[in-house]
Each structure stands twice: as structure tokens, then as C-alpha cells.
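Engineer: Would you mind keeping the following structure in view while I ask a few things?
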Amino acid sequence: MAADPIRTQLDERLFRIQADLLEMAEMVIERLGTVTSALLEGDVAGADQIIAEDDDIDLISLRVEEECIDTLLREQPVASDLRFVVAAMHMNSDIERSGDLTSNIAKAVGRLQGSHVDDRVRVLIAEMASQAALITRRAIEAFEGRDQKLAKTIDELDDVLDDLHYEYIQTVIHDARRGGMDPQQSLQLALIGRFYERIGDHAENIGERVRYIVNGWLPEIDAAARAREQQAANGPEDDITRPVRSRGMAVIDSIAEERRIDAIRQDFVANVSHELKTPVGAISLLAETLATATDSDNRERLADLLQKESKRAEDIIDDLLELARLEDQTAVFSRISVDGLAANAVEAAASFANANHIAIVTEGIPSGLHIQGNERELVRALVNLIDNAVRYSPARSEVRVQVETLPEDVDLSVIDQGEGIPRAELERIFERFYRVDRARSRETGGTGLGLAITRHVATNHGGQILVESKTGTGSTFTLRIPRETE
Ligand code: ADP
């Protein structure tokens with residue numbers, strides 16, 4: 001069969017992007033070696049030379065960015081190409097930042113001129129540099145070989161760098177306390193450690209993007225699990241005296257607990273930033289391209305895309321605000337009729353269902369049944385369930401909304417004939433930003449926060465949310481709220 005010329009052109013572009021990324025990463029590794037020698041030898045001229053070559057990486061990085069945008073706009077990439085391009089854009093900025101960090105280290109050489117650096121600190125600098133180079137090398141090997149197992153090993157290598165960095169900072173602080181060094185220079189040294197550590201973090205990001213290219217895995221999927229593991233490793237909540245690290249560093253007292261909470265918070269903030277970065281990044285790229293597009297068809301297409309991405313950012317922000325409101329628990333409760341509640345939710349979800357050619361059928365909704373609650377929140381919770389049922393069902397199927405009265409509770413169920421959810425995922429779908437299939441959720445306008453919101457509403461009402469699902473057959477989500485007691 002003759003080669004498909006369109007596909008070949010696209011493959012060539014992807015190949016060029018990859019080659020550029022690899023070249024940039026090699027340059028970072030080389031600069032790491034040179035800058036560290038200049039630092040250890042106090043070679044200011046050598047360091048200046050490195051700063052002078054600062055633009056080399058940036059130029060390639062610009063080219064990669066252009067190629068990526070071009071590919072998105074001019075070619076017809078399939079899903080796996082798209083993953084590659086999105087990953088390439090992330091990797092590009094990670095490698096570019098690592099390059100900047102090597103320049104930062106070079107700038108510090110001049111500032112440290114004439115100061116005496118302790119031997120232990122020097123050894124640790126050399127160790128951090130070689131570890132950072134090793135991690136970066138591992139990242140590009142994993143990328144080149146699309147080897148996700150190798151990519152995963154980067155995390156462990158980075159832990160070693162983090163430990164080295166920790167020890168380094170302790171040593172620098174210890175030296176500064178002994179008064180051996182000017183405070184400005186101690187600060188400079190502390191910053192240098194941070195620069196090496198961040199190069200490791202960027203390499204870790206590259207590893208994560210490799211896993212994304214290969215199987216669509218994204219770091220946030222594991223973030224929540226990590227937070228849980230960390231919690232388990234730290235022992236019961238009140239046991240804050242247990243050391244959190246091995247390697248001879250026992251962090252005692254409440255710092256451990258604070259850190260744990262910080263880690264969870266950071267995970268969440270990182271997830272939010274990541275989720276918003278994609279649409280916001282796209283908006284700025286699209287706006288820039290729109291400004292120079294002359295052809296009216298192209299302008300229209302770009303404007304459409306702009307609108308879609310803005311809507312996505314808006315939806316995420318809306319859901320985040322809703323979660324914040326729910327955490328506040330300031331909602332006013334009142335007496336609500338269950339049939340009114342169901343009717344309002346169905347009405348609110350109707351246009352989305354229509355657009356997807358799905359019929360919403362209501363069943364057995366008794367009149368005269370009441371619950372105590374906040375109507376706005378409950379409608380939102382129910383709409384989220386109906387929207388999901390629509391989102392993950394084939395066109396022309398049915399979504400049923402059903403009410404059942406139990407002795408103490410009322411069950412509001414949403415039943416679909418959709419794709420269902422694998423058993424192993426059932427526990428996790430209520431986590432913030434967790435999705436079984438990211439691409440599908442995104443395509444259909446999901447934010448990954450809907451079920452987290454619904455669960456929050458349920459607990460705020462003293463109720464719970466239940467799910468039963470079978471892949472290929474459908475899912476039933478039930479919002480169980482206590483009945484009003486007479
Ligand atoms: P999203 O905005 O991605 O839909 P949610 O928090 O509402 O986020 O849901 C989390 C994930 O749970 C979804 O991405 C999807 O994978 C899965 N899910 C939720 N509801 C259903 C359903 N009715 N059928 C199949 N999968 C579902």
C-alpha cells in the first residue's frame with residue numbers, strides 16, 4: 001500500500017518535535033556539568049559563558065512551540081497524536097525551565113565570588129548535580145523509548161535528590177548559624193540547592209508526560225492515592241510523634257501533621273492549577289493565532305475553539321466555587337417537596353439531554369413527600385447525576401429518575417443504560433478530578449468535580465450517595481437523604 005502523504009507529513013512534524021526536545025534535554029545535561037564545575041571552581045568567566053549561551057535552548061523551545069501549534073491547527077491529528085503534542089508542549093516548558101535554572105546557578109557563581117564554601121557543601125553540590133543530570137537523562141531515555149516503566153523509576157531517583165537537597169539545606173543552615181558565612185551568601189547557597197532540586201522536579205514532570213503519551217495516565221489520578229498512603233504511613237491522625245522519613249531524619253512534633261495537611265492541600269492546588277492551565281494555555285495560544293489569522297474560515301474555527309476553552313475554564317471555576325461554598329456549610333435549610341425537587345432537576349438537565357438525544361423519564365415520584373434541606377444544593381447534586389447519566393450514555397437511550405420512600409430516608413435514583421463503570425474504579429470516582437476516561441469526560445464537557453460536589457451535598461444533608469454499576473449495562477446513582485420526621 002502506498003504511504004499516506006498526509007500521515008507522513010504529520011509523522012515528520014512529530015519526529016522533528018521529538019528530536020528538538022531530545023536535543024534541548026541533552027543541552028541541559030551538558031550545561032549542568034559545566035555550570036557545576038564553574039561553581040565548584042569559582043570560575044566566574046566560565047559561568048558568564050554559560051549565561052551567554054542562555055538563548056540556545058530558548059530558540060529551540062520556541063521552534064517546538066510553533067511546531068506544536070502548527071500541528072494542532074494545520075494537521076488532523078488522531079487522539080494519540082494529540083496526546084503527544086499536548087505532552088510535548090508540557091515537556092518543552094519543563095526542559096526550557098531546567099535550562100533557565102542552569103543559568104540561575106551560573107548567576108550565583110558571580111555572587112558567591114570570594115566566599116569560602118565548606119567541603120561538605122561542595123560534595124553535596126556535586127552529588128545533587130550528578131543526580132539531577134541522571135534524572136534528566138532517565139527522563140529522555142523514557143521519552144525516546146516510550147517506556148513508561150522507566151519513566152516511573154524517575155520518581156525514586158527524584159526522592160534521592162530531594163533527600164540530598166534536604167541534607168544540603170541543613171548543612172548550609174548549620175554553617176550559617178555557626179557564623180562562618182555572610183548571610184547573603186548563605187542565602188545564595190540555599191537558592192542553588194533549590195535550583196538543582198527543581199531540575200529534578202522538571203524531569204519528574206517529563207516522566208509523567210511520557211506515561212501520559214503511552215496510556216493517558218495523568219499525575220493527578222495518583223495524587224489522591226498518594227495522599228492516602230502518606231496518611232497511612234504517618235499513622236493515626238493523633239499520632240504525630242511518629243517519624244515521617246527514614247534515612248535517619250526523624251521529624252518529630254506537630255510539624256509532621258502540618259506537612260501532611262500541606263501535602264494534601266498542595267496536591268489539590270496542583271490539580272486545580274493543572275486543570276486550569278490546559279484551557280487557559282489554549283486560550284492564550286488561540287487568541288494569539290486569531291490575531292494573525294487572515295482567512296475568515298480559520299478565524300471562525302479559532303473563535304469557536306476559543307469559546308469552547310473559555311467555557312471549560314468557566315465550568316471548572318464554577319464547580320470549584322460550589323465546592324468552596326459547600327465546605328463553608330452555611331446553607332440555609334428549609335422544607336422541600338421531593339416531587340418539586342425532582343421536577344426542577346429534570347428541567348435544568350433537559351436541554352443537555354435533548355442535545356444528546358436522550359430522553360429523561362421520571363417514575364414513581366410521590367407527591368406530599370418532604371425533606372429538610374437546601375433546595376439549590378440538592379438540585380445541583382441531582383443535576384450532576386443526570387448530566388453524567390446523559391454524558392456517559394449512547395444517543396437515543398433512556399435516563400430514569402426514580403424516587404423511593406424508605407422508613408427513614410428518601411432515595412432519589414438516576415438510572416442510565418450507559419457504558420457503566422469498572423468495579424475497581426467505583427470507589428475513586430467521587431474524588432476530585434478523578435475520571436475513568438479523561439478524554440471522554442473532557443470531550444463531553446465534564447470537569448471531574450461533579451460527583452465530588454454531589455457527595456458533599458449528600459453529607460451536608462446527613463445523607464449519602466450510593467452507586468451500582470455494570471460495564472456495558474449501565475449505572476444507578478442514588479442520593480439518599482433522611483426523610484422529614486413528623
Ligand atoms: P466528570 O465531570 O468527568 O463527569 P464526575 O466527578 O461527575 O466528573 O465523574 C467522575 C467520573 O466518573 C467521570 O469522569 C466518569 O468516568 C465516571 N462516571 C460518572 N458518572 C457516570 C455514569 N453515569 N456512567 C459512567 N461513568 C460515570
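The values are calculated or read from the model by the stated rules, or taken from the named source; none is laboratory data. Note that this is a predicted model, so its numbers are computed, not measured. Note: ideal-geometry Cβ built from the backbone for every residue, glycine included; neighbour counts use all protein chains shown. Remember, those area values only see protein heavy atoms, side chains included, never the ligands or the DNA or RNA. Shrake-Rupley method; radii C 1.70, N 1.55, O 1.52, S 1.80 Å.
Engineer: So, in segment 388-410, exactly how many residues are farther than 18 Å from ARG480 by Cα and either within 12 Å of the ligand (Cβ to nearest atom) or not assigned by TED's automatic domain parsing to the domain that holds GLY462 (or both)?
Structural biologist: First pass over segment 388-410, keeping only residues farther than 18 Å from ARG480 by Cα: 390-399.
Checking which are either within 12 Å of the ligand (Cβ to nearest atom) or not assigned by TED's automatic domain parsing to the domain that holds GLY462 (or both) leaves us with 390-394, 397, 399.
Result for segment 388-410: 7.
Engineer: Looking at the structure I just gave you, is ALA45 in contact (Cβ under 8 Å) with a residue 24 or more places away in the chain, aliphatic (A, V, I, L, M) and part of a helix (DSSP H, G or I)? So that I can check it myself, show each step before the final result.
Structural biologist: Working: in contact (Cβ under 8 Å) with a residue 24 or more places away in the chain: no; aliphatic (A, V, I, L, M): yes; part of a helix (DSSP H, G or I): yes.
Taking the combined requirement at face value, the residue does not satisfy it.
Engineer: Same structure, new question: Of everything in segment 462-486, what is more than 13 Å from the ligand (Cβ to nearest atom) and more than 18 Å from PHE430 (Cβ to Cβ)? Give them in sequence order.
Structural biologist: PRO482, ARG483, GLU484, THR485, GLU486
Engineer: Could you list, in sequence order, all residues of segment 432-457 that are within 6 Å of the ligand (Cβ to nearest atom) and at positive phi?
Structural biologist: Listed by number, the list holds a single entry, GLY448.
Engineer: Turning to a different aspect of this structure: Just checking, how many residues over segment 106-123 are free of Cβ contacts under 8 Å to residues at least 60 places away in the same chain and hydrophobic (A, V, I, L, M, F, W, C)?
Structural biologist: 1
Engineer: Give just the number: which of (1) more than 16 Å from the ligand (Cβ to nearest atom); (2) assigned to a loop (DSSP other than H, G, I, E, B) does GLY340 not satisfy?
Structural biologist: Evaluating GLY340 over (1) more than 16 Å from the ligand (Cβ to nearest atom); (2) assigned to a loop (DSSP other than H, G, I, E, B) leaves (2) as the failure.
Engineer: Can you find even one residue in segment 427-436 that is under 19 Å from HIS274 (Cβ atoms) and among the aromatic types (Phe, Trp, Tyr)?
Structural biologist: Checking segment 427-436: at least one residue is under 19 Å from HIS274 (Cβ atoms) and among the aromatic types (Phe, Trp, Tyr).
Engineer: Would you confirm, using the coordinates I've provided, whether SER413 is hydroxyl-bearing (Ser, Thr, Tyr), in a strand (DSSP E or B), touching a residue at least 40 places away in the same chain (Cβ under 8 Å) and more than 11 Å from the ligand (Cβ to nearest atom)?
Structural biologist: yes
Engineer: Looking at segment 267-278, I want the residues that are within 13 Å of TYR434 (Cα to Cα) and of a type in the set (S, T, N, Q) and have a partner that is at pLDDT below 75 and assigned to a helix (DSSP H, G or I) with Cβ atoms under 8 Å, at least 6 apart or on another chain. Which pairs are those?
Structural biologist: Close Cβ pairs satisfying both conditions: ASN271/GLU220; ASN271/ALA223.
Engineer: Say we look at segment 416-425 and pick out the residues that are within 9 Å of the ligand (Cβ to nearest atom) and open to solvent by 30 Å² or more (accessible area, probe 1.4 Å); which of these is nearest to LEU321 (Cα to Cα)? Don't jump to the end; show me each part of the working.
Structural biologist: Here is the first cut: in segment 416-425, the residues within 9 Å of the ligand (Cβ to nearest atom) are 416, 418-421, 425.
Right, trim to open to solvent by 30 Å² or more (accessible area, probe 1.4 Å) and you get 419, 425.
Numbers: GLU419: 30, GLU425: 26 Å.
Step by step, filter segment 416-425, then rank; the result is GLU425.
Engineer: Is at least one residue of segment 353-363 closer than 22 Å to GLU484 by Cα and open to solvent by 80 Å² or more (accessible area, probe 1.4 Å)?
Structural biologist: No; the residues of segment 353-363 include none that is closer than 22 Å to GLU484 by Cα and open to solvent by 80 Å² or more (accessible area, probe 1.4 Å).
Engineer: Can I ask one more? Right, ASP201: among the acidic types (Asp, Glu), within 30 Å of ALA106 (Cα to Cα), at pLDDT 60 or above and surrounded by 15 or more Cβ atoms within 10 Å (Cβ to Cβ) or not?
Structural biologist: yes
Engineer: Only one of PHE195, PHE143 is in the same structural domain as MET24 (by TED's automatic domain parsing) and open to solvent by less than 10 Å² (accessible area, probe 1.4 Å). Can you tell me which? First the steps, then the outcome.
Structural biologist: Values: PHE195 fails: open to solvent by less than 10 Å² (accessible area, probe 1.4 Å).
Selected residue: PHE143, the only one of PHE195, PHE143 that is in the same structural domain as MET24 (by TED's automatic domain parsing) and open to solvent by less than 10 Å² (accessible area, probe 1.4 Å).
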